[in-house]
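Comments concern the structure below.
The values are calculated or read from the model by the stated rules, or taken from the named source; none is laboratory data. Keep in mind that what you see is a predicted model, and the values were worked out from it rather than measured. When we count neighbours, we look across all protein chains shown, and the Cβ atoms used for this are built from the backbone with ideal geometry, even at glycine. For the accessible areas, the whole protein counts, side chains as well, though only heavy atoms, and no ligand, DNA or RNA atoms are used. Shrake-Rupley method; radii C 1.70, N 1.55, O 1.52, S 1.80 Å.
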Amino acid sequence: MKQVKLVHEINCSPEVFWKLQFDPAFNEALLGHAMKVENYKILKFEETDREIRRTTTGQPKIDLPGPIKKIMGSGFAYTEEGKFDKSTQTWSWKISVSTFGDKARNEGTMRLEKLGDNKVRRIAEAVVECKIFGVGGLVEGNMEKAMVDGWNAGAQFINKWIADGKAPAA
């Protein structure tokens, strides 16, 4: 099991960040361009006074070593179930993958720290785990690398989107 902590500075207010987080067009651009996810779809979106729940799916393009590629197959996809708690301003997620069933786990939380009027620190803390004898550690390492690379590219994409004037008003 690996613990992953990702910290990025994003050039917007918390209000703008959370609007982007739940904007379907923005997420399609972010995942398709920066994070190399194909067939991204929002399966469910529900909002109440207390929370937002969203379920999404997609097929990430990940460069994997040969043995892992064989195990995962060509139709590898994920489903993310996420919940935003409006009172704590925390996003939590759990990702299930098509190939490993309950033998793989990726879940975590994301929160913001306000650094100024138009700057936040995004902090994500996650667990990646794969319980497959003989290759679990290799799969975990690849899951961690894909997560770190994707979130780093995502932070750059978000900041460029904002700099290009595409972000919603606060």
Item checked: From the options Glu113, Glu144, residue that is assigned to a helix (DSSP H, G or I) and charged (D, E, K, R) -> Glu144
Notebook entry, point to check: Of everything in segment 106-125 that's touching a Lys or Arg at 6+ places or on another chain (Cβ under 9 Å) and among the small types (Gly, Ala, Ser), which residue is surrounded by the fewest Cβ atoms within 10 Å (Cβ to Cβ)?
Noted result: Ala124
Note to self: Let me confirm something: among Gly134, Gly150, Gly108, which residue is modelled with pLDDT of 95 or more, of a type in the set (Gly, Ala, Ser) and either out of contact with any helix residue (DSSP H, G or I) (no Cβ under 7 Å at 6 or more places or on another chain) or in a helix (DSSP H, G or I) (or both)?
What the structure shows: Gly108
Margin query: Suppose we keep only residues that are open to solvent by less than 20 Å² (accessible area, probe 1.4 Å) and modelled with pLDDT of 95 or more within segment 76-105. Which one would you say is farthest from the chain's Cα centre (by Cα)?
Written below: Phe84
Margin query: Against the condition open to solvent by 30 Å² or more (accessible area, probe 1.4 Å) and among the hydrophobic types (A, V, I, L, M, F, W, C), how does Ala25 come out, does it pass?
Written below: yes
Next item on the list: Report, by residue number, each residue of segment 126-160 that is open to solvent by 50 Å² or more (accessible area, probe 1.4 Å), over 20 Å from Gly32 (Cα atoms) and in contact (Cβ under 8 Å) with a residue 24 or more places away in the chain.
Entry: Lys131, Leu138
Notebook entry, point to check: So Ser92 clears everything in (1) out of contact with any Lys or Arg (no Cβ under 6 Å at 6 or more places or on another chain); (2) assigned to a strand (DSSP E or B) except one condition, right? Which one?
Noted result: (1)
Item checked: Residue in segment 24-46 that is nearest to Asp149 (Cα to Cα), counting only those that are in a strand (DSSP E or B) and free of Cβ contacts under 8 Å to residues at least 24 places away in the same chain -> Glu38
